[in-house]
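The values are calculated or read from the model by the stated rules, or taken from the named source; none is laboratory data. Everything numeric in this text was worked out from a predicted model, so none of it was measured. Positions of Cβ are generated from backbone atoms using ideal geometry, with glycine treated the same way; all protein chains shown enter the neighbour counts. Keep in mind that these areas ignore ligands, DNA and RNA; they rest on the heavy atoms of the full protein, side chains included. Shrake-Rupley method; radii C 1.70, N 1.55, O 1.52, S 1.80 Å.
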Amino acid sequence: MFHGRKKHVWIVLICIALFCSTSTTAFAYGKGAKGPDVYAVQGMLKSLGYYSGPITGYYGNQTQSGVKAFQSRYGLPVTGNVDDQTLQSILWAYGNLKIPKKPAPPPAPTPPPSEPAPSEPPPSQPEPTPAPQVPPTSGLTAEEQQMLDLVNKERAAVGLAALAVDAELIKTARLKSQDMVDNKYFSHDSPTYGSPFDMMEKFGITYNAAGENIACNQSVQAAHEALMNSPGHKANILSKDYTHIGIGIVNGGPCGKMFTQQFIGK
């Protein structure tokens, strides 16, 4: 793939962290179950188009029907219960969802040849500020700093530069986490701000590449491990196209905390 072009692709790798990290221990839950695991599965199935009911965290008839439809579509035993194989398949399908490429704005009209050239040159654009070697961390809470350290440790382990903190992305990431708590949803599409791209545009954030991770979990360490245990989610954290990050962690929601990581490449 031509890497120069890749930097201009606007893409989001949709990510989720469940109540606890997924393991290989055999288990299953179904109708009548309730809790953050059910809440997360309902959110994923809704995004995948297999569930149209409310995201309540209670495993009722609609959730069971959605699970059966998903199992049938992916060639799994149609039990209506979420077992290890079904959960892994839902995570895989959800992790591979992509927001369509945002269309580029139309080019500015070119003046006809007969039109005289402007008498003065256009004002020069300021040179972009290079990313610092050591990312600034001012303004982060202790938990947000912990998550940043975990992310940059993973990047350092594979020879990637650390992500710098962007003050504006911290604001939007916190707003997104708070919005999910306040409006009781778990999705990249916010009823308040729209898509991550829409949100960044509204707050005047420019970029060459952008992405977002969201997680619902009890602690920073558990959320980070769950994200890193999924190849698609791990790829977002380790993308060489991103140079800056904003992290927003808010107490609340069905899992205890809502996490938002927003990435941009400048």
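Within the range 200-231, how many residues are crowded, with 19+ Cβ neighbours inside 10 Å and either free of Cβ contacts under 8 Å to residues at least 60 places away in the same chain or not in a strand (DSSP E or B) (or both)?
Residues meeting the conditions: 10.
Considering only residues of the range 159-171 that are in a loop (DSSP other than H, G, I, E, B) and small (G, A, S), which is farthest from G248 (Cα to Cα)?
Only one residue tops the list, namely G159.
Could you list, ordered by first residue, the pairs with Cβ atoms under 7 Å in which the first is in the range 238-266 and touching a residue at least 12 places away in the same chain (Cβ under 8 Å) and of a type in the set (D, E) and the second is part of a strand (DSSP E or B) and open to solvent by less than 40 Å² (accessible area, probe 1.4 Å), at least 6 apart or interchain?
Between residues of the range 238-266 that are touching a residue at least 12 places away in the same chain (Cβ under 8 Å) and of a type in the set (D, E) and residues that are part of a strand (DSSP E or B) and open to solvent by less than 40 Å² (accessible area, probe 1.4 Å), the close pairs are D241/A209; D241/G265.
List pairs: first residue in the range 158-169 and open to solvent by less than 60 Å² (accessible area, probe 1.4 Å), second residue of a type in the set (S, T, N, Q) anywhere in the structure, Cβ distance under 8 angstrom, at least six positions apart or on different chains.
As it stands, the answer is A162/N152; L163/N152; L163/T243; A164/T243; V165/T137; V165/S138; L169/Q262, since those pairs meet every condition given.
Kindly indicate whether any position in the range 59-73 is touching a Pro at 6+ places or on another chain (Cβ under 6 Å) and open to solvent by less than 40 Å² (accessible area, probe 1.4 Å).
The answer is no; no qualifying residue exists.
Would a scan of the range 78-91 turn up a residue that is at pLDDT below 85, open to solvent by 40 Å² or more (accessible area, probe 1.4 Å), more than 30 Å from F263 (Cα to Cα) and assigned to a helix (DSSP H, G or I)?
Scanning the range 78-91 turns up at least one residue that is at pLDDT below 85, open to solvent by 40 Å² or more (accessible area, probe 1.4 Å), more than 30 Å from F263 (Cα to Cα) and assigned to a helix (DSSP H, G or I).
Please specify each residue of the range 172-195 satisfying the condition of being under 17 Å from G246 (Cα atoms), touching a residue at least 40 places away in the same chain (Cβ under 8 Å) and assigned to a helix (DSSP H, G or I).
Of everything in the range 172-195, those that are under 17 Å from G246 (Cα atoms), touching a residue at least 40 places away in the same chain (Cβ under 8 Å) and assigned to a helix (DSSP H, G or I) turn out to be T172, A173, R174, L175, K176, S177, Q178, M180.
Among the residues of the range 54-77, which ones are closer than 25 Å to K257 by Cβ and out of contact with any strand residue (DSSP E or B) (no Cβ under 6 Å at 6 or more places or on another chain)?
Result: P54, I55, T56, Y59, T63.
Considering the range 30-58 alone, what residues qualify as being within 23 Å of the chain's Cα centre (by Cα), crowded, with 17+ Cβ neighbours inside 10 Å and either charged (D, E, K, R) or in a loop (DSSP other than H, G, I, E, B) (or both)?
D37, K46, Y50, Y51, I55, G57
For residues that are part of a helix (DSSP H, G or I) and open to solvent by less than 40 Å² (accessible area, probe 1.4 Å), tally how many sit in the range 232-246.
Summing the residues that are part of a helix (DSSP H, G or I) and open to solvent by less than 40 Å² (accessible area, probe 1.4 Å) in the range 232-246 gives 4.
Condition (residue is modelled with pLDDT of 90 or more and at positive phi) applied to the range 180-195: is it met by at least one residue?
yes
Could you give every pair whose Cβ atoms fall below 8 Å, whose first residue belongs to the range 61-81 and is over 12 Å from A28 (Cβ atoms), and whose second residue is modelled with pLDDT of 90 or more and not in a loop (DSSP other than H, G, I, E, B), counting only separations of at least 6 or pairs across chains?
V78/K68
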